[in-house]
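Undergrad: Pasting in a structure now, in structure tokens, and then I'll have a few things to ask.
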Amino acid sequence: MAAVGTAAALVLSSAGPVAAAEGDDAQAEGRVLTGSAGTLDLDTLAALRPAFVADPNDQQVSPLAVDVLSTLGIDLGGGIQLFGPNGVIGVGALGQVARTSDTTASAASGAVTDEGAIAVGGNGVGDEAYVDLTALLSSAGVADVTAGLVDQLRLDLGVLSATAQAKGGEIESDYQISGGRLTLRSPAVTDLTAGIDEVLGTLSDTANDVLGPQGALDSSLSSVSSGLVEPLTTALNTLSLGLVSVDDVNVAAAATVDVRAALSSVTSSPLTDTERGVTIDLSRGTIEVDLAKLITYAQGGTYDGTLNNLAPNTEILDPELIKTVLDGAIGMLLDQVPALVVNAATDALNSTELTVHLTANAEVVAVVPVPLATIDIKLAGPIGGFLGLEGATAPNADTSETKVLGGLLPVDELLEPVLGVVTGNLLPALVQPLQSALSQVGIVASVVEPVVSIATTALDPLAPVLNQLLSVTANVQQRPGAFTQAGGVDAGSFTQRALSVRLLPGFGTPLAEVNLASATVRAGVVEGTDPEPDPEPGTDPEPPGTDPDGPDGPNTGGPTPGNNHAGGGGATTASAAKKLPAAGADLGPATVLVALLLLTGGSAAVMVARRSRQSAL
């Protein structure tokens with residue numbers, strides 16, 4: 001029956017103009033919000049009425065009221081609101097524009113001007129849209145899937161716009177999504193930070209056992225003490241004609257260690273994969289994904305920080321894309337953690353203050369030995385300074401407790417050779433036992449790797465769970481389109497949406513399905529033309545590379561809308577519909593033959609063909 005109707009139209013077009021039927025006038029609808037929440041059809045809410053024009057040469061600019069979303073009271077359960085100040089969906093800009101002429105229909109919504117053009121970057125505060133699922137993550141059923149994996153989830157979309165124009169057989173459409181940052185907080189990441197802190201605590205305990213009073217370092221210094229007797233004696237004999245002896249030499253060392261300070265060093269700077277746009281912030285327990293960069297990494301193209309350059313009906317949380325790229329980025333970033341912890345803990349240990357205490361007695365050798373001095377020197381400074389590490393501060397010497405008895409020598413005169421021994425003998429002698437003691441602390445990657453492995457395993461299901469929680473389709477193109485106002489004729493129409501959102505799609509029927517920033521148009525019919533021409537023989541009504549089945553229904557073919565992205569600077573492209581011959585044109589025998597073959601089963605066509613040949617003679 002469809003073929004018969006088509007053939008009849010062809011025959012009639014050769015005889016004269018087609019009378020305009022009801023609904024042949026151009027129609028346009030700009031609508032910020034459409035969709036459903038459970039059994040509630042958002043399209044039926046008067047407060048969300050779009051800008052709609054169905055009369056020739058008319059226009060309507062009717063943005064939604066700023067406070068209307070706060071008064072809708074659409075409850076998703078447990079007091080969670082779909083819209084409003086603390087709603088799951090932040091709609092953003094509320095512009096709605098519709099315009100028509102005799103043959104042209106134009107519509108726009110979202111961040112648009114009163115003339116229906118996209119307002120690149122928006123018109124001001126409050127224009128940015130978002131989806132925040134945090135309040136839903138603890139709800140019944142959902143918590144079983146998200147527990148231990150994600151407890152906050154938000155997608156910031158930036159500014160949204162959609163425009164469409166229909167003129168004759170041509171469609172021009174455009175959209176804007178100026179952002180696209182997914183932020184989630186994961187207990188797996190906060191647990192990793194807690195695990196690192198625990199490891200550092202254990203290392204601190206070990207370090208204190210090794211470097212504290214009567215620890216392994218202190219116990220290893222007896223040989224250093226005995227090795228100073230001769231150098232001190234030699235140094236002091238230069239002052240007393242070889243009559244000085246030194247005894248009771250003792251060197252002690254101690255430090256109080258807390259390498260937990262290294263945690264702030266590890267967590268202060270986020271871990272970032274600049275190529276894939278993934279950032280892990282250990283201090284906040286968050287993972288941030290720049291979706292524009294992630295998609296550019298996976299599919300190529302030029303990164304501009306927006307989601308404006310996507311193919312029609314692109315699922316931006318595509319399971320394969322998210323799983324492959326996100327897992328790779330998270331794994332790569334977490335693999336850096338052991339080395340970061342080792343470096344930070346080592347730096348913290350080398351920065352720990354170490355105190356070395358040298359004591360000794362000196363006396364003048366005589367028939368009755370005469371006490372000369374009590375040597376008491378405290379050396380203090382960072383461990384790195386004792387080891388002579390580059391950039392480390394050298395130890396300071398406190399000699400205030402050194403005493404010269406009987407006034408035999410000025411103190412400064414005594415200290416000069418003693419400090420020479422400290423610098424030339426004691427400090428070098430400390431390096432080897434200090435290094436040996438530090439090696440016993442055990443600051444190595446292998447003590448951190450188990451907690452990192454636990455986190456990596458815990459985050460493995462993240463991508464599939466995200467797909468259960470949220471679906472976002474960008475640059476939605478639908479033909480025929482879908483008017484929401486009474487009187488709108490879907491046949492021959494086209495709808496452009498900035499994006500479509502489905503909440504909790506992996507838990508049976510989605511909790512809500514919401515389209516943000518839609519523009520629907522239908523061109524007016526010019527007498528003598530067919531608003532829905534068939535494609536010419538041998539042509540493909542649907543050019544390759546388009547998705548025939550957008551999220552709101554099948555694409556029934558026809559010209560593919562242009563996709564000139566906001567701010568892109570390129571010319572809008574559009575596929576022109578095939579035009580029928582003008583009224584009164586000579587269709588020729590072949591055209592009439594085809595039509596009559598379909599109408600009469602062949603017999604009338606033979607007669608027409610015969611008459612055509614006779615006319616030719």
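Undergrad: Considering only protein heavy atoms and a probe of 1.4 Å, how much of the accessible area of the stretch 90-155 is carbon and sulfur, as a whole percent?
TA: 49
Undergrad: Highest mean first, what order results for 515-523, 452-460 on Cβ atoms within 10 Å? Spell out each step's value before the answer.
TA: Numbers: 515-523: 31.9, 452-460: 16.9.
Sorting 515-523, 452-460 by mean packing, highest first, produces 515-523, 452-460.
Undergrad: Leaving out ligands and nucleic acids, and using a 1.4 Å probe, what accessible area per residue does the stretch 397-480 come to in Å²?
TA: Details: 3700 Å² over 84 residues.
Using a 1.4 Å probe on heavy atoms only, each residue of the stretch 397-480 averages 44 Å².
Undergrad: How much accessible surface does Arg181 have with a 1.4 Å probe, in Å² rounded to 10?
TA: Accessible surface of Arg181 is approximately 90 Å².
Undergrad: Also, I was wondering about something else. Rank Thr279, Thr238 by accessible area, highest first, at a 1.4 Å probe radius?
TA: If we order Thr279, Thr238 from most to least accessible, we get Thr238, Thr279.
Undergrad: Which of rounded, prolate, oblate describes the stretch 412-456, given a ≥ b ≥ c as roots of the alpha-carbon gyration tensor eigenvalues and a/c under 1.5 marking rounded, otherwise prolate only if a/b is larger than b/c?
TA: prolate
Undergrad: Find which of Thr238, Gly168, Leu203 sits farthest along the positive direction of the dipole of the stretch 165-241, computed with +1 on the beta-carbon of Lys and Arg, -1 on that of Asp and Glu, about the Cα centre.
TA: Gly168
Undergrad: Could you please state how large a percent of the accessible area of the stretch 289-407 is carbon and sulfur, counting protein chains only and using a 1.4 Å probe? Display every interim value, and only then the final one.
TA: On the way: 2820 of 5300 Å².
Solvent-exposed carbon and sulfur of the stretch 289-407 make up 53 percent of the total.
Undergrad: If you count, for each residue, the other Cβ atoms within 10 Å and average over each peptide, how do 485-498, 246-259 line up from highest to lowest?
TA: 485-498, 246-259
Undergrad: OK, next. Please work out how much accessible surface Leu358 shows to a 1.4 Å probe, ignoring ligands, DNA and RNA, in Å² rounded to 10.
TA: 10
Undergrad: Here is a follow-up. Would you mind getting the accessible area per residue of the stretch 319-388, heavy atoms of the protein chains only, 1.4 Å probe, in Å²?
TA: Numbers: 2740 Å² over 70 residues.
That works out to 39 Å² per residue.
Undergrad: Hey, how many Å between the Cα centroid of the stretch 191-267 and the Cα centroid of the stretch 387-411?
TA: 17
Undergrad: Using the heavy atoms of the protein chains and a 1.4 angstrom probe, tell me the accessible area per residue for the stretch 205-284 in square angstrom.
TA: Values: 3790 Å² over 80 residues.
So the stretch 205-284 comes to 47 Å² accessible per residue, rounded to a whole number.
Undergrad: Any chance you could look up the accessible area of Phe507 with a 1.4 Å probe, heavy atoms only, rounded to 10 Å²?
TA: Accessible area, nearest 10 Å²: 70 Å².
The values are calculated or read from the model by the stated rules, or taken from the named source; none is laboratory data. Small disclaimer: the values here were computed from a predicted structure and weren't measured. Positions of Cβ are backbone-derived with ideal geometry, glycine not excepted, and every protein chain shown enters the neighbour counts. Surface accessibility is based on the protein's heavy atoms, side chains included, excluding ligands, DNA and RNA. Shrake-Rupley method; radii C 1.70, N 1.55, O 1.52, S 1.80 Å.
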